[in-house]
Amino acid sequence: DRTLTLLGIESSCDDTAAAVVRLTPGLPPEILSSQVLAQTNLHAAFGGVVPEIAARAHAERLDSVVEEALTVAGVGLDALDGIAVTAGPGLIGGVLSGVMLARGLAAARGLPLMAVNHLAGHALTPRLTDEIAFPYLMLLVSGGHCQFLLVEGVDRFRRLGGTIDDAPGEAFDKTAKLLGLPQPGGPAVEGEAMLGDPKRFAFPRPLLDREGCDMSFSGLKTALLRARDSLIVAHGGLTVQDRRDLCAGFQAAVAEVLAIKTDRALALSGPVTALAVAGGVAANKPIRAMLETVSTRHGTPFLAPPLRLCTDNAAMIAWAGIERIRVGILPSSDFAARPRWPL
Ligand code: KG4
Ligand code: ZN
């Protein structure tokens, strides 16, 4: 039991991130720095993340983001006990940039190197902010992911179900695009929905008849497109209220599907210490409220880490590295960067 100070590096999607996290025995973990450089503006015109643009941006920015993280933390490379880097899953160009930098730094300084699964990073985040024991249920809902994970240990995850097509964040982003709202779509759609009537349009609640907790969100997007187009055909365009009602109907459908499937996941998982959420979509207030209601009904504490730790960041990667070292998993620089890497 010694103090562990780790540098974390994350570059698997469209955020270039580095962080320094320290665990001192007997104290809660400390995030000494957590720098996130988003690429939103670089991809905005394309309606999605463009892998080539992402890879180049990571390669150009990683050095300075890492340097910033060390400077803000007031920690030199010599004071580190190791480096943790996202080795997948994600866009391989970005993952490779992060892995190469981490490998170089670790080799130059003789530091232990820990390969971290990005999803494990998300899944272990609740333990960075709260003293929470295994097992707990994690609902990861972002632009790229949607799954229920039963987190049984630092390196023990059971996937209970997830989306069979789009992630909800992706559906929010596409909805915004179809309605001429700004990106990222989630906050824009949530804002419009606040003033809309969720009952005016009947959107589907896909896969509710299927057992278990798999979900589907791509049909929702088609339904929205159809509703939008019939309004345009009938009235020559969308009114402000049309847009609000479409957003409200869409959001209500996503929220209801997530709530019903969370209810099932809690029933399937057996006793858990908490329901924790992560991912950008967990920022959505009505969705969050519905999840909390379900959780409370099961008598399970509801945990939503602060948004900056729910969305992509490197503190979760450094933390996952610390957790892995603590349970005796050996560091190694001999690992591959993996575009696909199920938990
Ligand atoms: O976790 P995240 O930052 O990145 C990954 O996808 O890994 O999630 C971003 C996604 C975007 O699709 C964004 O539209 C969505 O989260 N999002 C929201 C809200 N804020 C962000 N979706 C619904 N409501 C929100 N308030
Ligand atoms: Zn993520």
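The table below gives the values:
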| item | result |
| --- | --- |
| Cβ pairs under 7 Å, 6+ apart, first in the range 180-193 and in contact (Cβ under 8 Å) with a residue 40 or more places away in the chain and polar (S, T, N, Q), second away from ligand 2 (no atom under 16 Å from the Cβ) and in a helix (DSSP H, G or I) | 183/44; 183/176 |
| Restricting the range 295-325 to residues that are over 19 Å from residue 9 (Cα atoms) and over 18 Å from the mean Cα position of the chain (by Cα), the residue that is farthest from ligand 1 (Cβ to nearest atom) | 299 |
| Residue within the range 275-287 that is within 11 Å of ligand 1 (Cβ to nearest atom), surrounded by 19 or more Cβ atoms within 10 Å (Cβ to Cβ) and over 12 Å from the mean Cα position of the chain (by Cα) present | yes |
| Whichever residue in the range 23-78 is acidic (Asp, Glu) and part of a helix (DSSP H, G or I) and, among such residues, is nearest to residue 108 (Cα to Cα) | 78 |
| Qualifying residue in the range 159-170 (condition: within 23 Å of residue 119 (Cβ to Cβ), at pLDDT 95 or above and hydroxyl-bearing (Ser, Thr, Tyr)) | yes |
| Scan of the range 161-180 for residues that are among the acidic types (Asp, Glu) and within 16 Å of ligand 2 (Cβ to nearest atom), ordered by number | 166, 170, 173 |
| Qualifying residue in the range 220-236 (condition: within 16 Å of ligand 2 (Cβ to nearest atom) and not assigned by TED's automatic domain parsing to the domain that holds residue 316) | no |
| Inter-residue pairs, beta-carbon under 6 Å, first in the same structural domain as residue 203 (by TED's automatic domain parsing) and in the range 163-176, second modelled with pLDDT of 95 or more and acidic (Asp, Glu), 6+ apart | 164/214 |
| The range 274-294: number of residues that are within 23 Å of residue 135 (Cβ to Cβ) and of a type in the set (D, E, K, R) | 2 |
| Number of positions in the range 146-199 that are β-branched (Val, Ile, Thr) and closer than 30 Å to residue 328 by Cβ | 2 |
| Any hit, the range 256-267, residues being within 13 Å of ligand 1 (Cβ to nearest atom) and touching a residue at least 60 places away in the same chain (Cβ under 8 Å) | yes |
| Condition met for residue 248 (of a type in the set (A, V, I, L, M, F, W, C) and modelled with pLDDT of 95 or more) | yes |
| Residue check, residue 336 closer than 30 Å to residue 93 by Cβ, within 15 Å of ligand 1 (Cβ to nearest atom) and modelled with pLDDT under 95 | no |
| Verdict on residue 197 being more than 21 Å from residue 88 (Cβ to Cβ), touching a residue at least 24 places away in the same chain (Cβ under 8 Å), in contact with a helix residue (DSSP H, G or I) (Cβ under 8 Å, 6 or more places away or on another chain) and within 15 Å of ligand 2 (Cβ to nearest atom) | no |
| All positions within the range 237-258 that are part of a helix (DSSP H, G or I) and either surrounded by fewer than 16 Cβ atoms within 10 Å (Cβ to Cβ) or within 16 Å of ligand 2 (Cβ to nearest atom) (or both) | 240, 241 |
| Residue count for the range 95-136, restricted to those that are within 16 Å of ligand 2 (Cβ to nearest atom) and over 16 Å from residue 327 (Cβ atoms) | 7 |
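The values are calculated or read from the model by the stated rules, or taken from the named source; none is laboratory data. For clarity, every value in this text was computed on a predicted model and none was experimentally measured. In this analysis, Cβ positions are derived from the backbone assuming ideal geometry, glycine residues included, and neighbour counts consider all displayed protein chains.
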